[in-house]
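Quick note: the coordinates plus some simple rules give every number you see, no bench work behind them. These numbers come from a predicted model, not from an experiment. For neighbour counting, all protein chains shown are included, and Cβ atoms are generated from backbone atoms with ideal geometry for every residue, glycine included.
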Amino acid sequence: MRPVPLALSVAVTGALLLTACGSQRAGAGGPGTGRAAASPGADDPSCGTSTAPSAAASADPGGQGAQDTDGVRLVGAAGCPAFEVTNDTGRNATFTITYQRLSASGAALSSARQTVSSVAPGRTVRRAVAPDAPDASVVDAQDATHVRIIKVRSVPTAEAPARTGPCPPSGVRVYADDGDAAMGLRVVGLHLENCGTRAYPLDGYPRLRLLDQRHEPVDSVRVLHGGAAIATGTGADAAPRPLVLAPGESAHAGLVWRNTTGSGDPVDAPYVRVVAKPGAAAVTVTPELDLGTTGRLGVGAWEKDRGTEAGRGGSGRPGDSPDDGPEGSTSGRTSGRTNPAERPS
């Protein structure tokens, strides 16, 4: 799994207690199964989750109070932590919150992501912290007593990546995976699946627009065609050629860069606005580009995925685990790519 660069992590905010307020042990499998206890969810009436803002906050084990992190803060009574999300943009936005579950002493026990979808402009909504982290089975409920926000990412809801759920109006899903990181070389895959009912032609390279944490364009980085412009052996070196994706088929393209720092200020671009081909709807993904001072990003041409078949849903890439961005959290390797550490340029 590609680690989240420390330089990109938003400053840690206050943590809230998970214990009390109706906490209960998950019942699947019955008593004595060793499954982690769950804190109250959004449907627990004792937590009072609503769309109304609140100023309430609990103390964290490190002594910090609730703080605002890119429009999100932790609120709620002890045992009922909630994310309070404010959209100060001019259009509907979808927020992805990366957070940790902590012990009473402040030690990190597990991490997770949670999505708050389609927050209207100028609105503040509250959503209960999800009761279970992806690795909750290894965390004892009595130990995980606090929550702490690590970072927040937001994209226009109309441009949110989609890996699952209803097929977008465009007829295709576009998303980024978690990629690979080795010896300062980064490789992240862009994935496109034809989930519609018509053939979808592709030719050449995806069009990219890099955005900083404030969603402002990053114009100091040159986008170069082909991964070999950065390093060989990344799997993003194939020459562009026309493709036609039948319904159920998918394709991928690679983003390749180095996190090398020399003179000057390092450049971070958490967001990339992707247009698969001229006239296609834009999708904003969050590959967390930590470009150092290199000023260069390589992008590979679209290539059809091996093993996808017309009429079959899914990406057809066993073991591939894309980064959903706003949809959730997974980890994995870019489809069809070798480890960049094996063949550096």
Worksheet item: Given the Cα-Cα distance of His215 and Asp203 and 0.36 nm per residue of separation, how much length would full extension add, in nm?
Response: 1.5 nm
Worksheet item: So which trypsin sites (Lys or Arg not before Pro) in the stretch 190-240 pass both tests, a DSSP loop state and at most 11 other Cβ atoms within 10 Å of the Cβ?
Response: Arg198, Arg214
Fill in: Förster radius 30 Å - calculated FRET efficiency between Lys277 and Thr232, Cβ distance, rounded to 0.05
0.70
Fill in: Pair Ser117, Ser263: separation of 7 Å Cα→Cβ label points (nm)
5.0 nm
Worksheet item: From the backbone phi of the stretch 167-175, what are the Karplus-calculated ³J(HN,Hα) couplings (6.51 cos²θ - 1.76 cosθ + 1.60, θ = phi - 60°) in whole Hz, Gly and Pro given as x?
Response: 5, x, x, 5, x, 9, 9, 10, 7
Fill in: HN-Hα J in Hz across the stretch 226-235 - Karplus 6.51, -1.76, 1.60, θ = phi - 60°, x for Gly and Pro
x, x, 5, 5, 10, 6, 8, x, 8, x
Practice prompt. Quick one: go through the stretch 173-207 and flag any residue whose amide nitrogen is under 16 Å from the point 7 Å out along the Cα-to-Cβ line of Val244.
Written response: 194, 197-204
